[in-house]
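Here's the structure, in structure tokens; my notes come after.
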2 protein chains.
Amino acid sequence: MKKSIAIKEALSEKNVGKTVSIRGWVHRERGSNKFKFFVIRDVSGTIQAIVKSEDKKLFKIAEDATRESSVIVSGKIRKDKRAPTGYELQVTDLEIVGKAETFPISRDKSEEFLLDVRHLWVRSRKLTNVFKIRSTVVGAIHEYFRKNEFIETQVPILTPTACEGGSSLFKVDYFGDTVYLTQSWQLYSEALAASLEKLYTIAPSFRAEKSRTPRHLTEYWHAEMEVIYCDLPQLMKYGEELVSYVCQEVARKNTDELKELGQDPRELKKIKAPFPKITYKEALDILAKNGMKVKYGKDLRTLEERELMKHFERPVFVTNYPKEIMAFYKPEDPENPGTALCFDLIVPEVGELIGGSVRDLDVDAMKKVLTDEGEDLSTYEWYFDTRKYGAVPHAGFGLGVERLVMWICGLEHIRDAIPFPRTINRKAP
Amino acid sequence: MKKSIAIKEALSEKNVGKTVSIRGWVHRERGSNKFKFFVIRDVSGTIQAIVKSEDKKLFKIAEDATRESSVIVSGKIRKDKRAPTGYELQVTDLEIVGKAETFPISRDKSEEFLLDVRHLWVRSRKLTNVFKIRSTVVGAIHEYFRKNEFIETQVPILTPTACEGGSSLFKVDYFGDTVYLTQSWQLYSEALAASLEKLYTIAPSFRAEKSRTPRHLTEYWHAEMEVIYCDLPQLMKYGEELVSYVCQEVARKNTDELKELGQDPRELKKIKAPFPKITYKEALDILAKNGMKVKYGKDLRTLEERELMKHFERPVFVTNYPKEIMAFYKPEDPENPGTALCFDLIVPEVGELIGGSVRDLDVDAMKKVLTDEGEDLSTYEWYFDTRKYGAVPHAGFGLGVERLVMWICGLEHIRDAIPFPRTINRKAP
């Protein structure tokens, strides 16, 4: 097999006049009886390749190179301003590795059709670029936590306990018994915090919600952390540093991919901690001044989060939501009675990116909330043990990986932030 | 709050005579009416702390510091050969942050009981050390793949298609329909390979097997990779380099944890690529010579894998298993008819650590195997599309993360390689 180079590497001044070999797929093709023009793609980029009819044998092979056929192409690199990526490959050798049947995806296809053939649509430049950025995002999350001496760990996906309320749980048949798909690692991470102290995970979470919004998936990846002896300001500091770090890394490593997606890397570079911090009450005041009346005690909806963002145009922390609409493990703020020691980090266009809180240490207070919500306390007994045996103050948050990718890539729908999205009406391929 | 330091940091010559503050839990305590001895633990280590009865107020607090209470302790560091970790803390200040009720775990508890209170048993030195090594293992897997320019990606946990045969799938109720928990990312990764070329994941996989062996979990973490234009020798090279890299990283970063677990870091350092490579046929010959007759065409069982390892005492590749006992996507080796282009990497004590293969490109051959196995071909149509539209030679493997942790830590049972194990009879806490 000839030594081939990445297309991105081929697109270089230093290769002009030289013969290179690339491996890829036919992204586009057109031609006449004199020329065949191809755009060849690989993971790194695209290049225009031209085959002239003078070489009859080569031209005949070229006529067989249908769209999405896999090919190995050799030729001379020529600078050409008209070529989409600035250089052109004058083909001297062409091998079809796998000839493609007529590719089913063309320009006029519907979103539904593209989801039906997602296994082929993942080859699109758009999705390839998103997935490369997604890899940087996930890698940067790992790096941030590890640089800060967090220990990575994994907790069960199959769980007997609900964390965020039982109504939106997927049921699994476990050798005749019922277990649920996890919604958050939190209950387990709190138990592990007495061993590992500063810990994080990146793992799938599941919500059987009937939401049909552009920002909900039933299966998504969740970056979660938990830290002992941590208060709300310190927790938010971790949150804003993490988001800043990811943005800087993507801006640095994925300039080309961002540009191909129509995003400006310079804008991403501006995302730097600290982020503004307002209370839920202050958020309501801002909304009210702009004609959007939200009753105190109602959670903020996407609509309202988006309106709020118009006044910041960068991530903003909203703290101290009303205690009574918060999950049982979020404690009351002693300095702001009636509100919880919690935050949401809201980002433009997407809404909630991170949710975090201090964790309540008061078992009686938690039991009261759970009882009021009709929960079965017996399934939480093991969790309450974490308070009975050497409790320490602790706090943690969870970040939706796809929402971060969606925001950074400027996607309209969260489904494009993950290779094979799962939504209420999409479970295949 | 006083500035505290990690116990491991406190255990140092340079702190002798100095006053330090540590935060941790009471790991052990004993005493008389003259002294109270504590062993305090945190994530980094343990230290002996002594409280003398002269300071009546302090002694009274010390008497309240039950096992597993969380404490903040200040005092002077003194070198003491009799102390388990070489230094002793002469306590001058002691704060009980959370007083523990009588801790339910004592020495004489059964394995079953320890699994019942796993949420507390995770605090044991053994498990803390294992989880710290596990974090290094997972981090090193990420590093190895990223250094080699693999793109990290994630594929669905909820899937309509079986990958390794339908009998051992967990069923999930998906808004009234049935989907399954994934057993491998492979079918999806092959579709993504036409976009991302070199890709990997670390994600949970599920097997609803009724195995009650010390090396099976129903939920485990799976490091999987897929690469285009890759043949079997190159694939094995990735496998042995990956395992070597992880072993070197653990030996370098977790010397203390390995020693506490009774493992010799020097032995781990010896694990270096390349590993020996034998065929399945050669493996049978070795077994036969040692009185273990395996009929050609039978898969190797744990028993046999262990016997085999006695002749190597390090990881060994077994290649070219009989084609007819292999999964449908493993192609026949044209140079060794009747055998598949595949390998298992076997490690001492644990058995199969990695399974990998070249992927068949011949749709008709794959359909025949699936039909013979009684599978519904229609659920595989999308997968066959990957061959119809620009197929390229490709290969990949999957590594069981818990098996690697089990082997490195010298664990007797795989359940201790993961914080909250799931087995046929263990689904809580």
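The values are calculated or read from the model by the stated rules, or taken from the named source; none is laboratory data. Here the structure is a predicted model, which means the values were calculated and not measured. A quick note on method: Cβ atoms are made from the backbone with ideal geometry, for glycine too, and the neighbour counts reach across all protein chains shown. Surface areas here come from the heavy atoms of the whole protein model, side chains and all, with no ligands, DNA or RNA. Shrake-Rupley method; radii C 1.70, N 1.55, O 1.52, S 1.80 Å.
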- Item | Conditions (1) more than 14 Å from chain A (Cβ to nearest Cβ); (2) surrounded by fewer than 21 Cβ atoms within 10 Å (Cβ to Cβ): number failed by B:GLU95 | (1)
- Residue under evaluation B:SER106, criteria (1) without any contact (Cβ under 8 Å) to a residue 24 or more places away in the chain; (2) assigned to a strand (DSSP E or B), criterion not met: (2)
- Query: Pick from segment B:174-222 the residues that are part of a strand (DSSP E or B) and touching a His at 6+ places or on another chain (Cβ under 9 Å): which of them is nearest to B:VAL137 (Cα to Cα)?
  - Reply: B:ILE202
- Item | Failed criterion for B:THR319 (all others in (1) surrounded by fewer than 20 Cβ atoms within 10 Å (Cβ to Cβ); (2) farther than 21 Å from B:VAL130 by Cβ hold) | (1)
- Query: For segment B:10-29, which residues satisfy the criterion of being within 12 Å of another protein chain (Cβ to nearest Cβ) and either open to solvent by 60 Å² or more (accessible area, probe 1.4 Å) or modelled with pLDDT under 95 (or both)?
  - Reply: B:ARG23
- Query: Name the pairs: first residue in segment A:65-83 and more than 19 Å from A:LYS52 (Cβ to Cβ), second residue surrounded by 19 or more Cβ atoms within 10 Å (Cβ to Cβ) and among the hydroxyl-bearing types (Ser, Thr, Tyr), Cβ to Cβ under 7 Å, at least 6 apart or on different chains?
  - Reply: A:GLU68/B:TYR389
- Item | Check on B:VAL51, within 14 Å of chain A (Cβ to nearest Cβ), open to solvent by less than 20 Å² (accessible area, probe 1.4 Å) and in contact (Cβ under 8 Å) with a residue 40 or more places away in the chain | no
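On the given criteria, is B:ASP64 among the charged types (D, E, K, R) and either under 22 Å from A:SER195 (Cα atoms) or modelled with pLDDT of 95 or more (or both)? Spell out the reasoning first.
On the way: among the charged types (D, E, K, R): yes; either under 22 Å from A:SER195 (Cα atoms) or modelled with pLDDT of 95 or more (or both): yes.
Judged against the criteria, B:ASP64 is a match.
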- Condition met for A:GLU112 (touching a Lys or Arg at 6+ places or on another chain (Cβ under 8 Å), surrounded by fewer than 17 Cβ atoms within 10 Å (Cβ to Cβ) and outside any loop (DSSP other than H, G, I, E, B)): no
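Given the structure, is B:ASP108 modelled with pLDDT under 95 and more than 9 Å from chain A (Cβ to nearest Cβ)? First the steps, then the outcome.
Details: modelled with pLDDT under 95: yes; more than 9 Å from chain A (Cβ to nearest Cβ): yes.
Yes.
Looking at the structure I just gave you, is A:HIS311 under 19 Å from A:ARG215 (Cα atoms), open to solvent by 20 Å² or more (accessible area, probe 1.4 Å) and not small (Gly, Ala, Ser)?
Details: under 19 Å from A:ARG215 (Cα atoms): no; open to solvent by 20 Å² or more (accessible area, probe 1.4 Å): yes; not small (Gly, Ala, Ser): yes.
Against the criterion (under 19 Å from A:ARG215 (Cα atoms), open to solvent by 20 Å² or more (accessible area, probe 1.4 Å) and not small (Gly, Ala, Ser)), A:HIS311 does not qualify.
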- Message: Suppose we filter segment B:195-231 for residues that are closer than 20 Å to A:SER69 by Cα, open to solvent by 10 Å² or more (accessible area, probe 1.4 Å) and among the polar types (S, T, N, Q); how many remain?
- Response: 0
- Item | strands (runs of 3 or more DSSP E) fully within segment B:1-91 counting 1 or more residues that are under 35 Å from the mean Cα position of the chain (by Cα) and among the basic types (Lys, Arg) | B:19-31, B:35-42
- What number of residues within segment A:278-319 are touching a Phe, Trp or Tyr at 6+ places or on another chain (Cβ under 8 Å) and over 17 Å from A:LEU345 (Cβ atoms)? 2
- Inter-residue pairs, beta-carbon under 8 Å, first at positive phi and in segment A:384-397, second open to solvent by 20 Å² or more (accessible area, probe 1.4 Å), 6+ apart: A:GLY390/B:VAL97; A:GLY390/B:LYS99
- Query: Which of the residues spanning segment A:119-159 are open to solvent by less than 20 Å² (accessible area, probe 1.4 Å) and more than 22 Å from A:ILE408 (Cα to Cα)?
  - Reply: A:HIS119, A:LEU120, A:PHE150, A:GLU152, A:THR153, A:GLN154, A:VAL155, A:PRO156, A:ILE157, A:LEU158, A:THR159
- Query: In this structure, does A:GLU143 turn out to be assigned to a helix (DSSP H, G or I), facing another protein chain (nearest Cβ under 10 Å) and over 19 Å from B:LEU196 (Cβ atoms)?
  - Reply: yes
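Across segment A:146-173, what is the total count of residues that are assigned to a helix (DSSP H, G or I) and either more than 10 Å from chain B (Cβ to nearest Cβ) or modelled with pLDDT under 95 (or both)? So that I can check it myself, show each step before the final result.
From segment A:146-173, those assigned to a helix (DSSP H, G or I) are A:146-147, A:166-168; that's our starting set.
Now restrict to residues that are either more than 10 Å from chain B (Cβ to nearest Cβ) or modelled with pLDDT under 95 (or both): A:147, A:166-168.
Selection size over segment A:146-173: 4.
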- Is it the case that B:TRP185 is more than 28 Å from A:VAL130 (Cα to Cα), touching a residue at least 12 places away in the same chain (Cβ under 8 Å), among the aromatic types (Phe, Trp, Tyr) and more than 8 Å from every other protein chain (Cβ to nearest Cβ)? no
- Message: Just to be sure I understand the filter: pairs with C-beta atoms under 9 Å, separated by 6 or more residues or on different chains, first member in segment A:118-147 and in the same structural domain as A:TRP221 (by TED's automatic domain parsing) and of a type in the set (Asp, Glu), second member surrounded by fewer than 22 Cβ atoms within 10 Å (Cβ to Cβ) and at pLDDT 95 or above. Which pairs pass?
- Response: A:GLU143/A:TYR245; A:GLU143/A:GLU249
